[in-house]
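Here's the structure we're looking at; comments come further down.
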Amino acid sequence: MVAANYFDGHSSRAWPVTLTVAGREAVLQGADGHELRRAPLTAMRVSERLGSAPRLVTFPDGAFCEVADHAGFDAMLHATGYHEGWVARAQNSPRHALMAAAGLIVSLAVAYWIVLPWMAGVVARSVPAPVEARIGQATLDSLDRGLLGPSRLPAAEQARIRAGFTSLSRPDDPSHDYRILFRHGGDLGANALALPGGTIVVTDELVALAGNGAGLMGVLAHEAGHVAERHGLQQIVQASAVGAAAAYVFGDYSSLLAGVSGAMLSMRYSREHEREADDYAIAVMRRNRLPTGDLADVLEKLEASHGGGGEKGKQGEKKDAPDFFSTHPLTHERIEALRRGGD
């Protein structure tokens, strides 16, 4: 027998009652001891236990009892052979709650570090080439409207660099139409940007720093590696995972086009992406008998020109625009690997 408050479902009045079990029936008795009602146990619904909140025993017609005596009610339920499900037991166990919280944290970490990159790769590889080209063009238009200016390099020098890149023997990549564009970097400084679709933007400052020899060809090959592996698209997908998943399912890629230029400038390639782009550049340079150490030299010059690759420039002033190393993480291991030719 346990004390309870009974609500008949017709008014908000609470009636003090006692709840007992007689045979296979639940019996309610009023304060004066008179029986108010009874119902088969199989027709009753018992709410799960939620901390110290009263539990509800609901009758078939919607009337219900609130039971605050958890210990007495648990004993009554046990006597009838009633057993709560494992979910109800677990959510009232501190140990299980901690285990669930730890499992949630692990699951989120796995989803972020493993599942999301994998999914981003699947979606990026599924984006049609024309859509990828539109994303690249939208990014270029945004850059030209704000961050970059017209190139000041002589047309002949631009033509020589383009011809040098075109003459490189590279792995077949029919999905991309590569083109080299030149811009004055301004606050962006010495930089190269690989845009989805095959456009590689090179700043005048990078050409001044690297020259137009093997080192610059190595930088262009590195950026071509990002394009070939669709690293930029993968980063965009990861930055807008929900919209990208919807695009993959429904075939509407307009969500990828919105705000893509900001994502391109704020993204940071993973070390795995950088390793893959380095491997691509090394393979191209080897195939064309170019010294990979020249690319390492350019990276060291870039690092020095950007104040060691940090967030501050040579005069220690914080930059508003991203530099080369804000999107291309640099490690000494990468430089050493380039000097060894990838061995």
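Where a number appears in this text, it was derived from the coordinates with a stated rule and is not lab data. These figures come from a predicted structure and were not determined experimentally.
Just a few scattered comments:
- Once the Kirkwood radius over Cα pairs is known for the stretch 2-91, the Stokes-Einstein relation at 25 °C and 0.890 mPa s delivers a diffusion coefficient of 182 µm²/s.
- Taking 0.36 nm per residue of separation and subtracting the current Cα-Cα distance, fully stretching the chain between ALA97 and HIS332 would add 80.2 nm.
- Averaging 1/r across all pairs of distinct Cα atoms in the stretch 80-207 and inverting the result yields a Kirkwood radius of 19.2 Å.
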